[in-house]
Amino acid sequence: MAPGQNYVSSRFPAPDTCGCHDDHNQKSHGENGDNENTGRIGMTRCIVVLGAAGTGKSTLVDKLCGLEGGHPQPATAYETRAARFTFLGDDWTALDCPGSLEFMQQAMDAMLVADAAVICVSPQPEQAVLAAPYIRLAELAGVPAFLVINRIDEALSPARDIVAALQSYSKHPVVLRQIPIREDGKIVGAVDLVSERAWRYRAGDEPSDLIEIPEDLVDRQQEARGEFLESLSDYDDWLMEEIIEDREPASGPVYAICARVLQEGAVTPAFIGSALHGNGMFRLMKALRHETPGVEGLAERIGGKATAGVYLARYRKHVGKTAYLRALAALKPGDTVGDDTLGPISTVGDAKPAPLTQANAGDVVAAIKSDHLGSGRFYGAGDIDTPSWHQALTAVFTMGIKAANDRDDAKLTEALHKLVAEDLSLTVSTDRETGAHVLAGQGVLHLRRVREVLVEDFGVETVEAALAPPLRETITRKTDVHFRHRKQSGGSGQFADVKLKVAPSSRGEGFSFEQAIHGGSVPRNYFPAVEHGARDATERGPLGFPVVDVHVTLYDGQHHNVDSSDMAFRIAGRGGMREALEGASPVLLEPLYEVTFSVPSVYTGSLNPLVSSRRGQVLGFDRAADCEGWDLFRAQLPSSALDGLIADLRSITQGVGRYEAEFSHYHEVYGKDAERMIEKRAEMLADA
């Protein structure tokens, strides 16, 4: 078989035969910089661009769009931006996701529909951890990923050190595709390790100049190329044979191998550049063009049944719900997508959206009047399963809100219902004691944005509201009470007499009731009324909290043939239960949660003091099975310790740590801790 022959196909396109897979003057091979239109797949390809705040992610998208004169809409801090552009005759859409991990759900939703991921990383090795969540996401999703060491002109360390730091968080080999050229300590250009060509950066977004590889860099270039080819040879027998026979492989087959191993998820390539100055962007785009699979790769990844995938949905004032989707097959307004028809569609990423009569496979479009479409989902003729890696992020921060104007209460409820439908990482509930809406999301920034959207798109102002702490109380000893309810003040009288035994139950059993009546002292038809009355009394016990884990036995009583009724026995059951709770030594209960922290291994040691300072207990930790360089750290923490936990966790992990908390059981709280909690709740209710 000829070198690289098995890699040249419509899916693994051949490289430019002229060897101009470099960041040099586009005009050297004609107007578009290519001597032939090799590698063109013919359908719009879609990349998702990820990276922490400050890594230049949005600037990179702007520069890619501007290579052929495109002008994308400005980026936003909170919402995925779609940018449409062309490059050497091919159509592209870049999904520029927010840099804050509080909006990671949007990155996950965008990853669903992407052909490849471009992850911007810092040029400082100690900040490689900031890329860890995005590397992890791409690996879990099975999406080919390109790492871009951006702002390379600011690098203080060798490129190999940056790659080594990134390798700590990648289960695939991270392969450096270029090495920098330095002069007087400054990076002025780069050498491509496939083509063995060098170029010098120019200022003002001017195309780079092709130059000879500097003499003092030849040895380092040969060393780096050898390491690069060795990494690839682990996945290619022909290349392994070339290396063993000490033959120099041609760049054409090597480019083809790069495309194959990328699309198979075997290797993660790393490029260098500076988006701010336009350095390396043409070279990056050439690699994307030749190595990124088309929409057929996405269809294969998800099983081939879907016709569309929605990566963002948003209600907008005066417009209604807009679903932003990627077509996996030709779609027209009126086609059935999911369980309803597709509304009007238009382009996305232009200065002014243009209506469309049809979306072709690969296109990213906006659909209005398609309220049945939700974020992070695939749609087809029937039910389409979402990949198992894609899940709604667990909430780590809560906030109580209410409408600033009481007349907007119903409007607020409706608006929150719509926001939950479009943001899988947001949940809403109601505090049964205060009536406030409980927002649960990914952090202060996330929930602040939710409140801004309520104003911008729904015209509802909100204010923060206090939330009742999730405390309970129970009893610690048995008690026996006799309670009589009698009322005689004109008209029909009321009479009910009950004798109750109230005892503590095992933790977690809740409320239970039984009757042990003999001789008909209380007729059977009144038993449910007594039980309801006893339950009523548990809604707020002597300490002011809901009562749990008690067992009530109705064992005797009296009734009156005329004055007894369901209401009378319910009142008697409630009164008797209240007396019993008062005399049964009530104690405060606080929820305990099993908390699983997911953090890069370098921060695992920092979690011990974090847990102990919050009255927690460390249970142990393990290496994360599915992600390189991550640990799962388990602890048990009281509910009050979860307040502000995410902020402290992000502080000690450079913002990348997460946790999930699952209720375990209630435990007793005594002394000053209990007094403080009771006082705090009393103050809250007084202010409500």
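The values are calculated or read from the model by the stated rules, or taken from the named source; none is laboratory data. Keep in mind that what you see is a predicted model, and the values were worked out from it rather than measured. Glycine gets a Cβ as well: all are built from the backbone with ideal geometry, and neighbour counts include every protein chain shown.
Quick rundown of the values:
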read-out	value
Boolean, A128 is in contact (Cβ under 8 Å) with a residue 24 or more places away in the chain and within 21 Å of L312 (Cα to Cα)	no
Residues being surrounded by fewer than 18 Cβ atoms within 10 Å (Cβ to Cβ) and in contact with a helix residue (DSSP H, G or I) (Cβ under 7 Å, 6 or more places away or on another chain) - total across the range 214-229	0
Selected residue (criterion: surrounded by the fewest Cβ atoms within 10 Å (Cβ to Cβ)) from residues of the range 71-82 that are in contact with a Gly (Cβ under 9 Å, 6 or more places away or on another chain) and not hydrophobic (A, V, I, L, M, F, W, C)	Q73
Matching residues, the range 633-688, being outside any helix (DSSP H, G or I), touching a Leu at 6+ places or on another chain (Cβ under 7 Å) and either among the β-branched types (V, I, T) or over 30 Å from G99 (Cβ atoms) (or both)	Q636, P638, V656, S664, H665, Y666, H667, E668, V669
In the range 325-369, the residues that are part of a strand (DSSP E or B) and more than 20 Å from V295 (Cα to Cα)	T336, D340, T341, P355, I368
Segments classed as helices (runs of 4 or more DSSP H), wholly inside the range 214-324, with at least 3 members that are over 26 Å from the mean Cα position of the chain (by Cα), among the polar types (S, T, N, Q) and within 20 Å of P158 (Cα to Cα)	218-233
Verdict on F663 being of a type in the set (A, V, I, L, M, F, W, C), under 27 Å from A138 (Cβ atoms) and not assigned by TED's automatic domain parsing to the domain that holds R136	no
Every pair of residues 6+ apart whose Cβ atoms lie under 6 Å, when the first sits in the range 133-152 and is in the same structural domain as A287 (by TED's automatic domain parsing) and farther than 18 Å from V175 by Cβ while the second is surrounded by fewer than 24 Cβ atoms within 10 Å (Cβ to Cβ) and among the β-branched types (V, I, T)	P133/V656
Selection from the range 621-680 of residues that are of a type in the set (S, T, Y) and closer than 30 Å to P125 by Cβ	S651, T653, Y659
Exclusive hit being within 27 Å of T322 (Cα to Cα) and either without any contact (Cβ under 8 Å) to a residue 12 or more places away in the chain or crowded, with 21+ Cβ neighbours inside 10 Å (or both), set L439, L424	L439
Some residue of the range 340-361 being loosely packed, with under 15 Cβ neighbours inside 10 Å, without any contact (Cβ under 8 Å) to a residue 12 or more places away in the chain and touching a strand residue (DSSP E or B) at 6+ places or on another chain (Cβ under 8 Å)	yes
Number of positions in the range 628-660 that are under 16 Å from the mean Cα position of the chain (by Cα) and crowded, with 16+ Cβ neighbours inside 10 Å	7
Boolean, R314 is modelled with pLDDT of 95 or more and either among the charged types (D, E, K, R) or surrounded by fewer than 23 Cβ atoms within 10 Å (Cβ to Cβ) (or both)	no
Options V175, V191; residue that is under 28 Å from the mean Cα position of the chain (by Cα), part of a strand (DSSP E or B) and either under 30 Å from P249 (Cα atoms) or among the hydroxyl-bearing types (S, T, Y) (or both)	V175
Residue list for the range 195-226, restricted to those being of a type in the set (G, A, S) and in contact with a Ser or Thr (Cβ under 9 Å, 6 or more places away or on another chain)	S195
Count of residues meeting criterion [within 37 Å of the chain's Cα centre (by Cα) and buried (at least 23 other Cβ atoms within 10 Å of the Cβ)] in the range 533-546	1
Residue in the range 168-189 that is touching a residue at least 60 places away in the same chain (Cβ under 8 Å), closer than 26 Å to Y78 by Cβ and surrounded by fewer than 18 Cβ atoms within 10 Å (Cβ to Cβ) present	no
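Every residue, every condition in (1) under 17 Å from A138 (Cβ atoms); (2) of a type in the set (G, A, S); (3) in the same structural domain as L419 (by TED's automatic domain parsing); (4) free of Cβ contacts under 8 Å to residues at least 12 places away in the same chain, yes or no:
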{"site": "Q73", "(1), (2), (3), (4)": "no, no, no, no"}
{"site": "T80", "(1), (2), (3), (4)": "yes, no, no, no"}
{"site": "E102", "(1), (2), (3), (4)": "no, no, no, no"}
{"site": "A114", "(1), (2), (3), (4)": "yes, yes, no, no"}
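The rows are residues; the columns are (1) acidic (D, E); (2) out of contact with any helix residue (DSSP H, G or I) (no Cβ under 8 Å at 6 or more places or on another chain); (3) under 28 Å from G655 (Cβ atoms).
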{"position": "H417", "(1), (2), (3)": "no, yes, no"}
{"position": "D431", "(1), (2), (3)": "yes, yes, no"}
{"position": "G435", "(1), (2), (3)": "no, yes, no"}
{"position": "R448", "(1), (2), (3)": "no, yes, yes"}
{"position": "E452", "(1), (2), (3)": "yes, yes, yes"}
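A quick yes/no check of all residues on (1) at pLDDT 95 or above; (2) within 25 Å of the chain's Cα centre (by Cα); (3) more than 26 Å from V191 (Cα to Cα):
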site: D23; (1), (2), (3): no, no, no
site: T59; (1), (2), (3): yes, yes, no
site: T76; (1), (2), (3): no, yes, yes
site: R81; (1), (2), (3): yes, yes, yes
site: A94; (1), (2), (3): yes, yes, yes
site: D109; (1), (2), (3): yes, yes, yes
site: S122; (1), (2), (3): yes, yes, no
